[in-house]
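K.L.:
Structure below; questions to follow.
The values are calculated or read from the model by the stated rules, or taken from the named source; none is laboratory data. Owing to the predicted nature of the structure, the values given are computational and were not obtained by experimental measurement. For neighbour counting, all protein chains shown are included, and Cβ atoms are generated from backbone atoms with ideal geometry for every residue, glycine included.
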2 protein chains.
Amino acid sequence: MSLLVVGSVAFDSVETPEAKIEKALGGSATYCSVAASYFANDVKIVGVVGDDFGEKNIEMLKNHNVDLSGLEVVEGEKTFSYGCVYRDDMNIRDTLFTDLNVFEKFDPVIPEEMRNIPFLLLGNIMPSLQLKVIEQMTNLKFTVCDTMNLWIDIANEDLKKVLRRINLLVINDSEAKMLTKERNVIRAAKNILAMGPEYLIIKKGEHGALLFGEDKIFSAPAFPLETVFDPTGAGDSFAGGFAGYMTQVGKINFDVMKKAVIYGTSLASFSVEKFSTKGIENLSKEKIENRANQIIELSKVE
Amino acid sequence: MSLLVVGSVAFDSVETPEAKIEKALGGSATYCSVAASYFANDVKIVGVVGDDFGEKNIEMLKNHNVDLSGLEVVEGEKTFSYGCVYRDDMNIRDTLFTDLNVFEKFDPVIPEEMRNIPFLLLGNIMPSLQLKVIEQMTNLKFTVCDTMNLWIDIANEDLKKVLRRINLLVINDSEAKMLTKERNVIRAAKNILAMGPEYLIIKKGEHGALLFGEDKIFSAPAFPLETVFDPTGAGDSFAGGFAGYMTQVGKINFDVMKKAVIYGTSLASFSVEKFSTKGIENLSKEKIENRANQIIELSKVE
């Protein structure tokens, strides 16, 4: 089965209490597609970069068998660039700059031959663009969508339109509360499910993730890490691992999704161990599987 | 097997975004002993109250077979009284008043016939008093100890002495970080284990609890609740359920402790559903067991 990933491809400048990096590979579609590539054997990106993107980054994605025929390279322009600094507890990040560059005029046109792909992962981009993508697709079976606080704030109406067209939303706990104006995460989850998606994943960082749907709840722990080197991309790696596994299995039900959450958690834990996409670039199926088993083991009661 | 509980017995005035109550039964020893009574068939309290404590509260504890022969009633004086208000997200509480009353001169003397009890639960009281209790015990097999941010702040040296004499510490995640000056909870856990106790439970409220020991980690989810009516006593109910189950089984190992954490989580979830001790007063073994099974089910992966 094929998975289409639409999202940002970017350069990230990140400063954490542990270290600092400039102009490293980032973007939601980048993390998502690399993470998904360990499960789905056909992952395609639709996105845009400038002519400064560089052969090295193209090569890395190609090495993961990511189909880049939908990645537009705009000559004479620059790749989307983002800078942030994490505060001491790594839970809050302050944006330093957002240079949209090529991303400013990004209008995702899905190539004809990709429109009948059944599995779609909408990385965190403007909701109106996510809607445009959905409208071009002809054979959707399962659509996973990520979003962020910025869109809840400035594009609320569009986001709500998106929610009516997707199967599963991935969102942070603070964003879930913000979207629903609820202070309790379980009530927030119920409210979001009433807005459209049949399934919902609430990410809680170091506290793991909650999956809701079919009147059931699944709680996955996070993998315990002594050092979180760079949280950037953790959510995208999670979504990519999740959607990649769903695509690989091809069946849509709660039990498959539980395992997909575990694999997403495994990918996210590798992602935060290094800067940029370095943490998920050189994994093996065995490494991912071993960590997934450790995560399952964490909450196992005989 | 018998369990000795030493801690505060108090009147709590609590205001939450949901409701308000005044001079309701509270205190660490109260919650702990009622919660433990569903597991251990012999639970004894050592504590102190004033002559205003009231027959109704005595009756409630007696109905749970809690041995009150170690509960001193000081004539002409008042019971320890505490008032607090919870902020909107229920995670932060502001103290309104702390009237120590009889608690000011509390000097826990363990009755001769209770000194050889093997299971000890030290509820959250001043560390120097916890030390005094430990020093009177002659046959300890397993000591569980709770504490709070106040003692980390103003009685740090005494608390560290306590840590060298106990088997398991129960503590909040924010307090664990405060005690160790670590921002990462896994590193904080390692540091606390190096301070003395063989086992450690880090409570994370709505995010569940982590058990550390024997070079293993167990992660238990919280029971998902749409309404948290009153978080006061949740930690004490957890500790009581945990220690009560350990006493009932009588064996000290990681697998028994995992189940004890689940039962503690079950008791804590009932506790927050009502004000004061009302949520844990009228439970049955079946209700507790059903909820424990639901908690295990939450994280189960086939």
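Yes or no, residue by residue, for (1) in a loop (DSSP other than H, G, I, E, B); (2) without any contact (Cβ under 8 Å) to a residue 24 or more places away in the chain; (3) β-branched (V, I, T):
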| position | (1), (2), (3) |
| --- | --- |
| B:N91 | yes, no, no |
| B:I110 | yes, no, yes |
| B:K132 | no, no, no |
| B:N139 | yes, no, no |
| B:L169 | no, no, no |
| B:A176 | no, no, no |
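K.L.:
If I go through the stretch A:6-21 residue by residue, how many of them are in a strand (DSSP E or B) and touching a residue at least 40 places away in the same chain (Cβ under 8 Å)?
P.N.:
Residues that pass the stated criteria total 8.
K.L.:
Could I ask something else about it? Go through (1) surrounded by 14 or more Cβ atoms within 10 Å (Cβ to Cβ); (2) in contact with a Pro (Cβ under 7 Å, 6 or more places away or on another chain) and name the single condition A:V102 misses.
P.N.:
(2)
K.L.:
Could I ask something else about it? I'm checking my understanding of the structure. Among residues of the stretch B:254-284 that are crowded, with 19+ Cβ neighbours inside 10 Å and hydroxyl-bearing (S, T, Y), which one is farthest from the other protein chains (Cβ to nearest Cβ)?
P.N.:
Only one residue tops the list, namely B:T277.
K.L.:
Which members of the stretch B:279-302 meet the condition of being in contact with a helix residue (DSSP H, G or I) (Cβ under 9 Å, 6 or more places away or on another chain), closer than 17 Å to B:C32 by Cα and in contact (Cβ under 8 Å) with a residue 60 or more places away in the chain?
P.N.:
The answer is B:I280, B:E281, B:L283, B:I288.
K.L.:
May I ask you to say which residue of B:V261, B:V185, B:V256, B:V249 is in contact (Cβ under 8 Å) with a residue 60 or more places away in the chain and not small (G, A, S)?
P.N.:
B:V261
K.L.:
Whether any residue in the stretch A:252-262 is under 30 Å from B:I192 (Cβ atoms), under 13 Å from the mean Cα position of the chain (by Cα) and not polar (S, T, N, Q) is what I want to check.
P.N.:
yes
K.L.:
Find all pairs meeting these conditions: Cβ atoms under 6 angstrom apart; at least six residues apart or on different chains; first residue within the stretch A:203-219 and facing chain B (nearest Cβ under 10 Å); second residue part of a loop (DSSP other than H, G, I, E, B).
P.N.:
Within 6 Å, the pairs are A:E206/A:A222; A:G208/A:P221; A:G208/A:A222; A:I217/B:P224; A:S219/B:P221; A:S219/B:S299.
K.L.:
Picking from A:K62, A:K44, which residue would you name as being buried (at least 18 other Cβ atoms within 10 Å of the Cβ), among the basic types (K, R) and under 21 Å from A:Y245 (Cα atoms)?
P.N.:
A:K44
K.L.:
For the structure I just gave you, tell me whether A:N101 is over 25 Å from A:V249 (Cβ atoms) and of a type outside the set (A, V, I, L, M, F, W, C).
P.N.:
Here the answer is yes, as A:N101 does meet what is asked.
K.L.:
Under 8 Å between Cβ atoms, at least 6 apart or on separate chains: pull out the pairs that start in the stretch A:63-77 with a residue that is in contact (Cβ under 8 Å) with a residue 24 or more places away in the chain and end on any residue that is polar (S, T, N, Q).
P.N.:
A:H64/A:S33; A:H64/A:S37; A:N65/A:S37; A:N65/A:N41; A:V66/A:S33; A:V66/A:S37; A:E77/A:N101
K.L.:
Of everything in the stretch B:290-302, what is surrounded by 15 or more Cβ atoms within 10 Å (Cβ to Cβ) and either more than 13 Å from B:A220 (Cα to Cα) or more than 12 Å from chain A (Cβ to nearest Cβ) (or both)? Give them in sequence order.
P.N.:
If the condition is that a residue be surrounded by 15 or more Cβ atoms within 10 Å (Cβ to Cβ) and either more than 13 Å from B:A220 (Cα to Cα) or more than 12 Å from chain A (Cβ to nearest Cβ) (or both), then B:R291, B:V301 are the ones that fit.
K.L.:
In the list B:E182, B:E135, B:E104, B:E157, which residue meets the criterion of being among the acidic types (D, E) and either under 27 Å from B:D42 (Cα atoms) or within 19 Å of the chain's Cα centre (by Cα) (or both)? Give the steps one after another, and end with the answer.
P.N.:
Working: B:E182 fails: either under 27 Å from B:D42 (Cα atoms) or within 19 Å of the chain's Cα centre (by Cα) (or both); B:E104 fails: either under 27 Å from B:D42 (Cα atoms) or within 19 Å of the chain's Cα centre (by Cα) (or both); B:E157 fails: either under 27 Å from B:D42 (Cα atoms) or within 19 Å of the chain's Cα centre (by Cα) (or both).
So the residue among B:E182, B:E135, B:E104, B:E157 that is among the acidic types (D, E) and either under 27 Å from B:D42 (Cα atoms) or within 19 Å of the chain's Cα centre (by Cα) (or both) is B:E135.
K.L.:
Count, please, the residues in the stretch A:187-202 that happen to be within 12 Å of chain B (Cβ to nearest Cβ), buried (at least 21 other Cβ atoms within 10 Å of the Cβ) and in contact with a Phe, Trp or Tyr (Cβ under 9 Å, 6 or more places away or on another chain). Give the derivation first.
P.N.:
Within the stretch A:187-202, the first condition is being within 12 Å of chain B (Cβ to nearest Cβ), and the residues that meet it are A:187-191, A:202.
Still in the list and also buried (at least 21 other Cβ atoms within 10 Å of the Cβ): A:188-189, A:202.
Cutting the leftovers down to in contact with a Phe, Trp or Tyr (Cβ under 9 Å, 6 or more places away or on another chain) gives us A:189, A:202.
Final tally of qualifying residues: 2.
K.L.:
Among residues belonging to the stretch A:220-234 that are more than 8 Å from every other protein chain (Cβ to nearest Cβ) and farther than 24 Å from B:F223 by Cα, point out the one that is surrounded by the most Cβ atoms within 10 Å (Cβ to Cβ).
P.N.:
A:G233
Each row is one residue, and each column tells you yes or no for (1) touching a Cys at 6+ places or on another chain (Cβ under 9 Å); (2) outside any helix (DSSP H, G or I).
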{"position": "A:L4", "(1), (2)": "no, yes"}
{"position": "A:Y31", "(1), (2)": "no, no"}
{"position": "A:F39", "(1), (2)": "no, yes"}
{"position": "A:V43", "(1), (2)": "yes, yes"}
{"position": "A:G70", "(1), (2)": "no, yes"}
{"position": "A:Y82", "(1), (2)": "no, yes"}
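K.L.:
Can you give me the number of residues within the stretch B:85-102 that are within 14 Å of another protein chain (Cβ to nearest Cβ) and among the charged types (D, E, K, R)?
P.N.:
Going through the stretch B:85-102 one residue at a time, the tally reaches 3.
K.L.:
Which one of B:T138, B:T143 is out of contact with any His (no Cβ under 6 Å at 6 or more places or on another chain), more than 14 Å from chain A (Cβ to nearest Cβ), surrounded by fewer than 16 Cβ atoms within 10 Å (Cβ to Cβ) and modelled with pLDDT of 95 or more? Walk me through it before giving the result.
P.N.:
Numbers: B:T143 fails: surrounded by fewer than 16 Cβ atoms within 10 Å (Cβ to Cβ).
None of the others qualify; the one that does is B:T138.
K.L.:
Give the stretch A:1-40 a look and list any residue that's within 18 Å of A:P118 (Cβ to Cβ) and either within 14 Å of chain B (Cβ to nearest Cβ) or modelled with pLDDT under 95 (or both), or say none.
P.N.:
A:M1
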